[in-house]
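I have placed the structure first, in the form of structure tokens, so that the comments after it can refer back to it.
The values are calculated or read from the model by the stated rules, or taken from the named source; none is laboratory data. These numbers come from a predicted model, not from an experiment. Here the Cβ positions follow ideal geometry from the backbone for every residue, glycine too, while neighbour counts run over all protein chains shown.
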Amino acid sequence: MSLNLRNAVISNVAGNTQQELEATIIDAIQSGEEKMLPGLGVLFEVIWKNSNEEDKHEMLSTLEKGLGNK
């Protein structure tokens with residue numbers, strides 16, 4: 001993924017409210033379009049980089065459960 005894509009995604013949602021961010025995420029997931037996946041990846045990267053270790057562990061547990069691993 002190029003740095004330009006990261007910057008474009010972040011620039012596109014910078015300043016959005018929680019409700020706007022949620023709508024963006026829900027729209028990307030519900031559309032089912034593969035072209036939305038990189039944007040969701042960038043958003044996840046932002047979440048990951050700004051989370052503490054406890055939050056990261058919780059996300060990993062949720063991911064593991066969602067993938068049927070537990």
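So here's what we get for this one:
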{"read-out": "Some residue of the range 2-22 being at pLDDT below 95, loosely packed, with under 10 Cβ neighbours inside 10 Å and part of a loop (DSSP other than H, G, I, E, B)", "value": "yes"}
{"read-out": "One residue from ILE26, ILE47 being in a helix (DSSP H, G or I), free of Cβ contacts under 8 Å to residues at least 40 places away in the same chain, β-branched (Val, Ile, Thr) and surrounded by 11 or more Cβ atoms within 10 Å (Cβ to Cβ)", "value": "ILE47"}
